[in-house]
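Undergrad: Before I ask anything, here is the structure I am working with.
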């Protein structure tokens, strides 16, 4: 696992802070890890850190008993969609919302956690 502070419990949030530059926020609920946010400092991008954090997240999800990781991403955010596809996420649905008179679409992604 990556170095950093983390806290997780069923129904709670996991917050992983690495070097205060990168973080992951997610929630464990009924076997799903819901990934709310992953961030990498702009000056540290294109170095594989997001992939490293996702791999660590998958290990932590498995250890917590999760069977899949789920998230939503803006339909127009092609770079982020490619990142998640590269790490095994599949598009499984679309959620449409209206916010301040703007129509938004979010792609629902999931990745199954392999358990032995």
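The values are calculated or read from the model by the stated rules, or taken from the named source; none is laboratory data. This one's a predicted model, so the numbers in the text were calculated from it and none came from an experiment. Cβ: placed from backbone, ideal geometry, glycine included. Neighbour counts: every protein chain shown.
Undergrad: Before we move on, is residue 14 at pLDDT below 55, in a loop (DSSP other than H, G, I, E, B), surrounded by 12 or more Cβ atoms within 10 Å (Cβ to Cβ) and touching a helix residue (DSSP H, G or I) at 6+ places or on another chain (Cβ under 9 Å)? Spell out how you get there, then give the answer.
TA: On the way: at pLDDT below 55: yes; in a loop (DSSP other than H, G, I, E, B): no; surrounded by 12 or more Cβ atoms within 10 Å (Cβ to Cβ): yes; touching a helix residue (DSSP H, G or I) at 6+ places or on another chain (Cβ under 9 Å): yes.
Here the answer is no, as residue 14 does not meet what is asked.
Undergrad: Residues of region 30-60 being assigned to a strand (DSSP E or B) and over 14 Å from the mean Cα position of the chain (by Cα), which ones? Steps first, answer last, please.
TA: First, pick out the residues of region 30-60 that are assigned to a strand (DSSP E or B): 32-39.
Within region 30-60, no residue meets the criteria.
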